[in-house]
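Only the coordinates and a few stated rules stand behind these numbers; no lab work does. Because the structure is a prediction, the values reported are computed rather than measured. In this analysis, Cβ positions are derived from the backbone assuming ideal geometry, glycine residues included, and neighbour counts consider all displayed protein chains.
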Amino acid sequence: MQKILLDIQYLPSIAYFAAIKQADEVWIEAHQNFVKQSYQNRCRILGANGTQDLSVPVNHRSRKIPIQELTIDYKQKWMNTHWRALQSAYGKSPFFDYYADEIRGIIQSKCATLFEIDRQLMTLCLKYLQIDTPIHFTKVFEKETKGNVSDLRSVIHPKKGLSELPWFKPTPYHQIFGSNFAPNLSVLDLLFCEGPMAGSILEQSRA
């Protein structure tokens, strides 16, 4: 895998960052329309009652809206809900306190658009994971990729299984809850549980 094209996602999964780590160059789709029921506005974490999806409410009706124009619905108290869920799930994890303040700061900063909060959180996670792969944002929307760019838009999706992620082989690590390992959660699960070792586990997750 050399050049890849990914959609923007909210606190993306481990497979998302594994793809970035394995690539030589990454393009993030900045001009597609918002896709409902995707990871663009949701992530998956692990708590005492199993996996849980956290969803950012957006001002979206039936018409198609470019992802950069999609605004967040702050009439709903989602920020407190997300942060309480993260505290409940990971407050006792080894590295929660190490990362919590910066993550909470972005979640509660009231970014106007979904694209902006996704971008800021992705950038922060890349820093934590010490991934320096060049990241670019597309200038226009193109349905088909050109050249040797692998199109991974919508490949990492809540309704798709791990078998559809050929570059990714989940590497188990110690999780706070559950006796069975839950693969490919939000990268926050990996960061809070493993801290500086997260990058090494991503490296081991090559298929």
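What's the magnitude of the charge dipole for the chain around its Cα centre, counting Lys and Arg as +1 and Asp and Glu as -1 at the beta-carbon? Answer in Debye, nearest 20.
660
Taking amide H atoms as placed 1.01 Å from N in the peptide plane, list the residues 5 or more away in sequence, or in a different chain, whose amide H sits under 5 Å from that of Asn33.
For Asn33, whose amide H was placed from the backbone, the distant partners under 5 Å are Ile67.
Sort Val140, Val35, Val187, Val155 so the one with the fewest other Cβ atoms within 10 Å of its own Cβ comes first.
Placing the least packed residue first, the sequence is Val140, Val35, Val155, Val187.
If amide H atoms are built 1.01 Å from N in the plane of the peptide, which residues on other chains or at least 5 residues away come under 5 Å of the amide H of Ser13?
Distant-sequence amide H within range of Ser13: Val187.
Give the separation of the Cα centroids, the stretch 77-98 to the stretch 43-74, in Å.
17
Can you pull out the GluC sites (Glu not before Pro) in the stretch 104-154 that DSSP calls coil and that have at most 10 other Cβ atoms within 10 Å?
Passing both the DSSP loop test and the Cβ count: Glu144.
Go ahead and set up a Gaussian network model of the chain, Cα springs under 10 Å, then flag whichever of Phe192, Phe181, Phe115 fluctuates most.
Phe181
For the stretch 3-204, what is the relative contact order in percent, using Cα pairs closer than 8 Å and at least 6 residues apart in sequence?
36
Under a cut-off of 16 Å between alpha-carbon atoms, report the aspartates and glutamates in cross-link reach of Lys160, not counting same-chain residues fewer than 8 places apart.
Within the straight-line limit of under 16 Å, Lys160 reaches these aspartates and glutamates: Asp7, Asp53, Asp151.
So I have [x] 8, 36, 39, 16, 1; [y] 8, 30, 35, 19, 7, 1; [z] 8, 28, 25, 19, 15, 5, 0, and one of them is P(r) over Cα pairs in 10 Å bins from 0, in percent calculated from this model. Which one is it?
Computed from these coordinates, P(r) over Cα pairs in 10 Å bins from 0, in percent corresponds to label [x].
How much length is gained if the chain between Ala182 and Glu142 is pulled fully straight, taking 0.36 nm per residue apart and subtracting their Cα-Cα distance, in nm to one decimal?
Stretched fully, the Ala182-Glu142 segment lengthens by 10.9 nm.
Taking trypsin sites (Lys or Arg not before Pro) as candidate sites, keep only those in a DSSP loop with at most 13 other Cβ atoms within 10 Å, then name the longest stretch of the chain containing none of them.
My reading of the result: 161-207 is the longest stretch.
Taking the Cα centre of each part, how many Å lie between the stretch 185-201 and the stretch 125-149?
Centre-to-centre distance over Cα atoms comes out at 21 Å.
If you line up the Cα atoms of the stretch 1-77 on their principal axes, what length do they span on each, largest first, in Å?
41, 37, 17
Nearest 500 deg cm²/dmol is fine: what mean residue ellipticity at 222 nm does the chain get from its DSSP H runs of n ≥ 4 alone, each adding -39,500 (n - 2.57), divided by its residue count? Could you put the intermediate results ahead of the total?
Values: 6 runs with 65 residues, N = 207.
After summing the helix terms and dividing by residue count, I get -9500 deg cm²/dmol.
Which residues among the stretch 6-49 fall inside the zone where the amide N is under 18 Å from a point 7 Å beyond the Cα of Asp73, along Cα→Cβ?
10, 34-43
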